[in-house]
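Before any comments, here is the structure.
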Amino acid sequence: MNQQPKFQVSLCPACGACPEVVINIAKEEVAIGEEGNLVTLNREAWNTLVEKIQSGELKKL
């Protein structure tokens, strides 16, 4: 994982108002969404999500 304290990825790079994924290395948590609609995953939950995507269990809609 990136060694910076925070790493942000917009889910819509065309504008700045869309949901984003913010990985906070120091807090070992990942926030997904936008103000008013935000979920925070701890390290274990994030790693489980990544594993399910990589294994193909979770796919595009």
Could you work out the percent of alpha carbon pairs in region 6-55 separated by over 14 Å, rounded to a whole number? 55
Test of the criteria: in region 31-60, which trypsin sites (Lys or Arg not before Pro) are in a DSSP loop and have at most 11 other Cβ atoms within 10 angstrom of their Cβ? K59, K60
Around P13, under 15 Å between beta carbons, what's the net of Lys plus Arg minus Asp minus Glu among the other residues? -2
In the Gaussian network model of the chain, springs joining C-alpha atoms below 10 Å, which of A45, A17, A31 carries the largest mean-square fluctuation? A17
Estimated 222 nm signal from helices in the chain, with DSSP H stretches of n ≥ 4 weighted -39500 (n - 2.57), rounded to 500: -7000 deg cm²/dmol
Percent RCO, i.e. relative contact order, over region 6-55, from Cα pairs under 8 Å lying at least 6 residues apart: 23
Add +1 for every Lys or Arg and -1 for every Asp or Glu among the other residues with Cβ under 13 Å from the Cβ of E28, and state the total. +1
Between A17 and V50, Cβ-based FRET efficiency (R0 30 Å, step 0.05) works out to 0.70
Could you check which residue among N37, N47, N24 shows the biggest mean-square fluctuation in a GNM of the chain with a 10 Å Cα cutoff? N37
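Read-outs: derived from the displayed coordinates by stated rules, not from any lab. Quick caveat: nothing in here was measured; it's all calculated off a predicted structure. Neighbour counts run over all protein chains shown; Cβ positions are idealised from the backbone, glycine included.
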